[in-house]
Each structure stands twice: as structure tokens, then as C-alpha cells.
Amino acid sequence: MVLNRKIAYINLSSGKITQKVISKSMRALYLGGRGINMHNLYHHIPPKADPIGPDNALLIGTGLLTGIPALGAGRCDIAAKSPLTGAVGDSNIGGFFAIELRLAGFDHLVITGKAEKPSYLWVNDGDIEIRDASNLWGLDTFDTQKQILSDNSDELIKSLVIGEAGEKLVRYANVRTGMKNAAGRTGMGCVMGSKNLKAIATRGTLDIEFMYPDQLLDYCSEMNTMITSTRWARAQSKWGTLIIYSNTNTTGLIRTRNLQLNLLEDGEDLEPEVMDRYSFGMSGCFGCSVHCRHRYILKDGPHAHFGEGPEYTSLGAFGTMVGCNKMDTVLAGNHLVNKYGIDTLEIGGIMAWVMELYEKKLLPEKMTHGLKLEWGKVEVLLELIKRISKREGVLGDMLADGFLPSIAKIGKESEYYAMQIKGMSNLHSDERPTPSLALGIATSTRGADHLRSRPALDLYGLPEEVLKEIYGHSVSSEYTSYEGKSRMIWWQENLYAITDSIGTCKFQTVFCAVNAPKFEEFSKLIYLTTGLEFSKSPLMEIGERIITTERMFNNREGFTRKDDKLPERFYKEPTPIGLPIVKGKTLDKNKINTLIEEYYEIHGWDNNGIPTEETIKKLGIETKHSNRS
Amino acid sequence: MTTCKIELIFHAFFREITKTRKILEEISDDCTINNILTQLVNRYGNEFDIIDPSTGKISNENVILLNGKSIRETNIKVKDKDVLIFSLPFGGG
């Protein structure tokens, strides 16, 4: 059965590998994926551990529903203490790795220690080996995967790999699989690099038995039909996430030139329809019926390549945030970060920041080695990506450590322009007109982050009775309003914690349409897949448990309410352009503070953002630290 | 009767139908969203038939922004220089 999959504990220093079946009681508390990873994060990493030291644990987890043919149920959660923020490190990756790992007999890996030399893990049908990766070290993320296939003479192997950025311990290096998929955020590739771990390769031929297969297939078919019938899914399968740009850049909800503007004028070359020039089809992840990413060719010029994507995030990273209005440049930047294995969103945010500092003459000339950090110059962008990924020169090496160490080196005045929370860059959305989105990024456990709680429904102006039915509480249908938004964020956070733990795609939830899957549908899928019974309320409680465990980890590492802080710029500088409802907007600090207090209260945390004893007891969270490896 | 000029912006499927990103439209000053939708259905076809017959409001599958504000009601009067965007759910990243 699905529930007989194992967890393996791998110590790269000693070479010791043990494995055991994941208990039903653990499933009942945390499901799988992000949930079990967060339990292990709290219990397998000693307090105040060095994120790039051997005590940090790299945690790999497939979702509880991995393998079902619906809702993109092939996602894998990767966690560790973040080397970028020192807080919860956690990132989610699509593609085909998770299903292969489950076919190989494992749902979770807990990797500690540090290998003496470059190594990779080989996971195959119940066995795990630590193998020499000397011939892989130095290869980019594409060639690393190809070399593993070639070395093992098996085209069906799936790998999680790092590129040069991970090897060089860039604090926001990512983990990659396939042409485009990335566990982008919080520097999980840096943690792999710090352990001399170049890759985790897996091949599985074991059966996966579902509890009620016939009914499960019928229900998966129903779910897929429902998703593909939405206009959202039809748009995604034609234009991908780039479709978001059409709205944000027309309305004025997109960060441009760091945060100097909120839409890119003359930005028509970044419209989603422009991808028709390059795209020759769409592809998707395991279990997905939407297929939201382009397969494309940039045919001409010095940056010609074949690739997949880009996501909306890269449109910001190499487009609006750095003042560039050419799709060719976005594609070139997107390809380069995929090759080096570095977070597109983080590097985009940090490049936009230093460009504004350069413009304002706040960046010491000696740091740039003659590189003119002017907006929108493709060669400047690509050179900066290279320098950061390879830690070349003073500037590249400094920026590779992320915002907070760079602020310390450049000077206090630079902090105001850094669009970061807890040391992590924000998506290129402009949250000044949208209090719910602002609350979400302020309180996210992993730093400025749109994927922990983003209430996409808030942007659609849905009737308030519809919102009340979903959220169980009055919520204003105006996205500029503060009313009811704390409960909205709390609810979305719980939903996404469950989504990340069952291993399905966040897009294929109520994110895309009011009738798309929520807790009730997840309950049924879990039952048909595993036989485990959870109604809506216990599932919401599991979401609460996961988020509160994350919060407890952060508290232990020194994070409290003082860190749930938005950039001051959101309060001081009004949005300069955009349509009437957006133009001239700042956030109200008092109202945001009230939202944060309400949000803490709903969670059962105190005014300092610390879970109360009563809440911890109610949620049954084990607090005793146990480092078993 | 006086007239006013408004801007209509089309995204996604709406752009495919109209084959343009933006048009300027001259309308009467008592024109409502409902009147505009009727005109668009007449001109471009049923892609613009986006009113949910069960509620009489713009269906939840579409996002119509009037000067950036999402609207569902169709009896709203449109003013000179208004911008009306025809789009789809667009959250994410």
C-alpha cells in the first residue's frame, strides 16, 4: 500500500543509512511532504545549527497523494534550515522526481552530515547508496542530469541536482530537475552543496497500491474534468503563468525598476502572446492535466537556446524589476539561472536592488569592477547573474550571500531600498494596493513569499456571499480593503500547507476557481488513496499544526513579531501610476498591525507571534528535540 | 444625448476574439456595463456572453475590471475616460 513507503536516514559523514516505515500516527499528524518535513525540521536540526554545517538536515518528502493521476500530484517538498534567512527553509518542486522516489520505495529522506568528496545518492527499489560524484562536480544542472543517465545507462532515472551556484554555496542556490522545474526558494541547493551532495538520483519499479483504485480513478477523472473546464486552466495551457502579466501590468500591480514604478510602460513585448514567436508546445508535470509551461526556442543571436518556461516570476526577475522590456532578455536570463541552479526570484530582486543603489549612487564604485548597473541592459544582467552564481569579484561574492549580509557591507542607507522580508526577496507583485497579499508576505514562515498564503480569489472581486461560503467568515470583496483579510490569509495558509503535504499543485485548488478543490475534495482523495479518514475540520487542524510547527522552529531560531515586517517603502511611497483604484496607494501601518494581531489570535499565538502552550498542546505538537542521526 | 469615450482592453481569450489589445469606444453617457456587453456580443460573438443567468451578474469565471476594480454588477454606468478590462482569474506567480 501507499502507506508502506519508508523514511530513510542518511548520514553523509559516517555513511550510515537506516530506514523505517512511516508510522500511521505520523501520517495522521502531518500527512507527508511539507508536513512531515516540518516535523523533521524541528526535531532533526539542533537549535542554532549552522545552515551550511553538517548538523543541518536536508529533508526530501513526496506528498501523501503522489502518484494519483490528478491535480499535478507529483510534487516534492525539500526543506532544511535556510542558509539565506536562518529560518524555515522549504521549497516545492514539480516534474517527475517525486513519483520515481515513491516507486523506488521511499517517501522521505533525512540527510545529515557532509560527504568527504563530491557524492550523489542513488535510490533504487528499496536500496540507497552514496556514490562518487567527482565526474559530476562542475557540471551545470542540465549536463549533470544527462551524465547520470549516461553513467547508469537508464533514460528513466529522475534526479534532483545542483549547479555551480549550489557548489559555490550561493545562499539562494536552488535544486533542479528536468529542463525547468526548480525548488527555487530559501537556498536548498546551497544546503546540498554544503554537504558535497551533487544529486539525488532515483529509479523505481515497485508497485504503488491505492486503497480503492476504481473509485479513485473515477474521482480523479472528475477532478481533472472540473479543472480543465475552467477558463483559468484553458488560459494556463495556452499562455502559462505569463497570463498574469496581462492584468498586473495593465492595472499597476507589478514591481518595476525595483519599486520605483508599479507598471512597465512600453512593456508590450512581455505580453503572453509574444511567446507565440518562440513556443512550439506546452508541457506539464506528473499528474497534471493543465500543462502550463512553454517549450521554446530562442533561435537567433548570442543567447540562442532551447528551454522551458519562463514563469511569471522570471518575467519580473529579468523584465520589469530590472527595467527590461524585451522577451529575448527574459528568456536568456531564465535559461542562465536554470543552468547555474539559482533562484530566479531572489536573484531578480537582488539585481533590481543594486541597480537602484547604483542609480542613486549608493553603491561604492569599487564594488562593481567597472560594470555599469544600468536598467534593462541584457549584457549587464547576464554578467551579473554569472558573477553571483560563480561568486566572482567583490560584487558577485557579496550578493551571493543575499540581502542581509550585503546591506551590512554596503551600508544602512541601502536597507530602505531592499524589498525583502526575513532576508528573502519578494515576488515582483506590488502589495501596496492589496492588504491581504501584504499580510501574507509579512507573516510567511519562510520570508517574503507569495506561495504560503496568496489568496488569489481576493483579486477577482467575487460576490461577498461566495467569499463567506468559502472562508466561513465575512470578507470584503474589494482587494484594496483590510476587512476580513486576516482570516482569509489564515484559511489559505492552512489550505496550502495541506496541498504541499499531499503533493498536489497549488494552482489546482480554489486558487484558480471557486469550485476548484478545497479541503473536502482533498479529504475524499486521501481516503480513496490511503484509507485514512479526515473530514474538513481535522485537515484544517493538520494545516494549523504544520504552520505552528514552522513558527516554533523560527521562534527557536530567534524570529518573532519583529521579523513579520514589511519594507518601510510600502508605507511611505505611494504607487506612482496605474489605474485609479491602484494609483496613489500606500499601506496603512496601523491597519496592517491590526491584521497581524488578528492573524496571530486566530492561530492561537501570543502578541509576539509565539504559539501559546495551550495551542501547542491542543495541536499535539511534540516539543522535545530529538536528533536521531 | 452626449457621448463619452472609454477604453476597452482585452486579455487572453477576449484578445483572441477581438484580435486587438485595446480599442477606444464612443458611447452614450447613460451607457451601462450591460449595454457594452450586449454591443460586444453583437460584434464579436458569445465569448462576451459572460453574464451568469442564475445571478444576473458577471460570472465568477471572468474578471472584469473597471478602472482596476473587479466588478460583478452590470447596471453600473460608465463614465468618460473609464478603462474597462476583460480578463480572467489572474493570481499566482
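The values are calculated or read from the model by the stated rules, or taken from the named source; none is laboratory data. Since this is a predicted model, take the numbers as computed values, not measurements. Reconstructed Cβ throughout: ideal geometry from the backbone, glycine too, with neighbour counts over all protein chains shown.
Below, the figures for the structure above:
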read-out	value
Residue check, A:H335 without any contact (Cβ under 8 Å) to a residue 60 or more places away in the chain and in a strand (DSSP E or B)	no
Residue match in the range A:239-246 (condition: away from chain B (no Cβ under 11 Å) and surrounded by 20 or more Cβ atoms within 10 Å (Cβ to Cβ))	no
Condition met for A:K583 (within 14 Å of chain B (Cβ to nearest Cβ), over 30 Å from A:S14 (Cβ atoms) and modelled with pLDDT of 95 or more)	yes
Single residue of the range A:430-453 satisfying the filter (over 23 Å from B:N67 (Cα atoms) and free of Cβ contacts under 8 Å to residues at least 60 places away in the same chain) that is nearest to the other protein chains (Cβ to nearest Cβ)	A:H450
Criterion violated by A:V378 - all others in (1) surrounded by fewer than 24 Cβ atoms within 10 Å (Cβ to Cβ); (2) within 19 Å of A:C190 (Cα to Cα) satisfied	(2)
Residue match in the range B:82-91 (condition: farther than 30 Å from A:T509 by Cβ and at pLDDT 95 or above)	yes
Subset tally (residues that are closer than 16 Å to A:T230 by Cα and either surrounded by fewer than 16 Cβ atoms within 10 Å (Cβ to Cβ) or of a type in the set (G, A, S) (or both)) for the range B:48-93	6
Residue among A:E273, A:E268 that alone is out of contact with any strand residue (DSSP E or B) (no Cβ under 9 Å at 6 or more places or on another chain), within 30 Å of A:F570 (Cα to Cα), surrounded by fewer than 20 Cβ atoms within 10 Å (Cβ to Cβ) and within 12 Å of chain B (Cβ to nearest Cβ)	A:E268
In the range B:20-50, the residues that are over 16 Å from B:E7 (Cα atoms), in a helix (DSSP H, G or I) and among the aliphatic types (A, V, I, L, M)	B:V41
Close pairs (7 angstrom Cβ cut-off, 6 or more residues apart or separate chains): farther than 12 Å from A:L395 by Cα in the range A:356-369, part of a helix (DSSP H, G or I) and among the acidic types (D, E) anywhere	A:L362/A:E413
Residues that are facing another protein chain (nearest Cβ under 8 Å) and either assigned to a helix (DSSP H, G or I) or basic (K, R) (or both), drawn from the range A:221-237	A:R231, A:W232, A:R234, A:A235
Spans of strands (runs of 3 or more DSSP E) in the range A:4-78 with at least 1 residues in contact with a Leu (Cβ under 8 Å, 6 or more places away or on another chain), within 20 Å of A:I162 (Cβ to Cβ) and among the β-branched types (V, I, T)	A:6-11, A:58-62
Residues of the range A:351-389 satisfying the condition of being of a type in the set (D, E) and outside any loop (DSSP other than H, G, I, E, B)	A:E356, A:E359, A:E365, A:E379, A:E383
Pairs where the first residue, in the range A:400-416, is over 20 Å from A:K366 (Cβ atoms) and the second is among the β-branched types (V, I, T), C-beta under 7 Å, 6+ apart	A:F403/A:I350; A:E415/A:I407
Any chance A:L31 is out of contact with any Cys (no Cβ under 9 Å at 6 or more places or on another chain) and at positive phi	yes
3 or more residues within 18 Å of the chain's Cα centre (by Cα) and within 14 Å of chain B (Cβ to nearest Cβ): qualifying helices (runs of 4 or more DSSP H) within the range A:481-573	A:485-502
